[in-house]
Amino acid sequence: MKIRKAVIPAAGLGTRVLPASKAVPKEMLPIVDKPAIQYIVEEAVASGIEEILIITNRGKAVMEDHFDRAPELEDRLKATGKADLYEEVVAVSRLANIQYLRQKETKGLGHAVACARTFVGSEPFAVLYGDDVIIGDIPATRELCEAYEKYQKGVAGIQYVPREQIGKYCTLKVEKLEDKIYSISEMIEKPRDDQFISNYAALGRCVLPPDVFDILDNLPPGANGEIQLTDAMRQLAHQGRMVGVEYTSKRYDMGSKLGILQAAVEVGVKHPELAAAFRAYLKDFVKTL
Ligand code: UTP
């Protein structure tokens, strides 16, 4: 079955990037000239997704505005002959069929996904974490969807993480199935040092079967007292129903200060309008470091 639906949880508190994220959702922080959430919606569309649900909360209505029409702005751009910008602004509102739902309490990523039950219905669906922007020629969600269609199992996007950072993410027990694809038999969220299994962590994307909602509804709070999506995937893994795909494109953590800086630099040096000037600036600047 083709994966048609995606959920983008974007209702977190963003405490790692305060105070920037106090009034502006971290998902709206820009990478050069587009907010993080737009890159994510574009990846979903490029992966064949037809319907998107963004999980928001109080104070995040600005995301809805971003994907809406903006008549006053559009009229001004048209009237002042800025045809390119006009096209670009209108195109954002036509990107995808997007719905919004509020997570009323910030109880964790797993809880945010659980809110999507009615939207998802009885189909497998993709989850794109709202603060993980993945940029590259091959859309990560497409790689995961292909693996779901092939193996008919839940799929976690995975990456190799240095040992000293693994405690921030999760650790996986994996066995290689083919190039870049692994079966997953164990997953531990925010592992302590003595729980370390491997350097592979589930990061940023997954594709899940609809019965994950029954698991999520019965899940006790896990690490940090939150309902953890990893704990639900762990149950699927124990049933032999999870694989991992080491996605090809590069992930930027827009929920962290360093991730925001890395994204700005790496997108900046390739940006059609800015690349030449920004590269020249950077080359001079690094000499002063
Ligand atoms: P994170 O754990 O990175 O988000 O969740 P956070 O809670 O905002 O992080 P801190 O406070 O900086 O540590 C990953 C994604 O899940 C969403 C977040 O918005 C982010 O895009 N999320 C998280 C929710 O939608 N609801 C939640 O209750 C928690």
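Rolling a 1.4 Å probe across all protein chains gives residue 160 an accessible area of roughly 140 Å². Ordered by solvent-accessible area of protein heavy atoms (1.4 Å probe), largest first, the residues 206, 115 come out as 115, 206. In terms of its alpha-carbon gyration tensor, the range 1-44 comes out oblate; a/c meets the 1.5 threshold, while b/c is at least as large as a/b. Let me test this: with uniform point scatterers at the alpha carbons of the range 143-265, what is the Debye-based log₁₀ I(q)/I(0) at q = 0.19, 0.21 1/Å? Cα-only, vacuum Debye calculation for the range 143-265: -1.07, -1.26. Within 14 Å, Cβ to Cβ, of residue 114, how many net charges do the neighbouring residues add up to if Lys/Arg are +1 and Asp/Glu are -1? Counting the neighbours of residue 114, the net charge comes to -2. Take every DSSP beta bridge whose two residues both sit in the chain, then give the antiparallel share in percent to the nearest 5. Beta bridges within the chain, antiparallel portion: roughly 60 percent. With helices as the sole contributors, the chain gives -10000 deg cm²/dmol at 222 nm; each DSSP H run of n ≥ 4 counts as -39500 (n - 2.57), and the sum is divided by every residue.
Counting only heavy atoms of the protein chains, get the accessible area per residue of the range 125-225 (1.4 Å probe) and round it to a whole Å² value. So the range 125-225 comes to 45 Å² accessible per residue, rounded to a whole number. When both bridge partners sit in the range 1-129, DSSP labels roughly 10% of those beta bridges antiparallel. Among 261, 219, 95, the sequence by solvent-accessible area, most first, with a 1.4 Å probe is 261, 95, 219.
Rolling a 1.4 angstrom probe over the chain with all protein chains present gives an accessible area of which 52% lies on carbon and sulfur atoms. Size estimate for the chain follows the Kirkwood approach: the inverse of mean 1/r over distinct Cα pairs works out to 19.8 Å. Relative to the current alpha-carbon distance between residue 46 and residue 285, full extension at 0.36 nm per residue lengthens the span by 82.5 nm.
The values are calculated or read from the model by the stated rules, or taken from the named source; none is laboratory data. None of these values were measured; they are calculated from a predicted model. So basically every Cβ, Gly included, is an ideal-geometry build from the backbone, and we count neighbours across all protein chains shown. Only protein heavy atoms, including side chains, enter the accessible area calculation; ligands, DNA and RNA are left aside. Shrake-Rupley method; radii C 1.70, N 1.55, O 1.52, S 1.80 Å.
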